[in-house]
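The values are calculated or read from the model by the stated rules, or taken from the named source; none is laboratory data. Everything quoted here is computed from the prediction, not taken from an experiment. Note that we place each Cβ from the backbone using ideal geometry, even for glycine, and neighbour counts take in every protein chain shown.
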């Protein structure tokens, strides 16, 4: 989009405005969110869109999220919980591990990385719902990141359509009828 001497004035104005708008959008872009969302998409988890040096940072961020993410449903906690059972001393002494216990979340990201990629026509949210039992917290994080729309265009179109339906003459329409008219309009456009 470089301006050349041969460009007419209106093209120069367009290129200038377009470059400025693109720069403003790039500044507002949350690249960390997009990188994690790409890693959580089972179709693109190999992260070929990123330089090799940047890939490990994304996986490290995902490991942090898995360790720090709270479960969506808190288990019922009894008022007087039973005291934890004591481990036999021989079992504790025989461990060479530095950490007392390893949680299943410690290797969740590694298991996900080595799993084969999903096909391009497969829905990533459906893939995560099928693998929730295997990945647990990571599946919850994936729903959070992948459930976010990449663009606000569909929402804007919906508000615009609703604005055309609800006008001064039709201000007494109930919200239920407005919803029905929006759905009918959408279905009618798909039929064409």
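What to note about this one:
- Test result for residue 15, assigned to a helix (DSSP H, G or I) and not assigned by TED's automatic domain parsing to the domain that holds residue 128: yes
- Put simply, of 122, 140 the only residue that is crowded, with 17+ Cβ neighbours inside 10 Å and either at pLDDT 85 or above or in a helix (DSSP H, G or I) (or both) is 140.
- Count of residues meeting criterion [more than 30 Å from residue 63 (Cα to Cα) and outside any helix (DSSP H, G or I)] in the range 143-192: 7
- Sole exception among (1) within 19 Å of residue 61 (Cα to Cα); (2) out of contact with any helix residue (DSSP H, G or I) (no Cβ under 6 Å at 6 or more places or on another chain) for residue 137, by number: (2)
- Scanning the range 23-61 for residues that are more than 13 Å from residue 146 (Cβ to Cβ) and in contact (Cβ under 8 Å) with a residue 60 or more places away in the chain returns a single hit, 46.
- When residue 102 is tested against (1) part of a helix (DSSP H, G or I); (2) modelled with pLDDT under 80, just one condition goes unmet, and that condition is (1).
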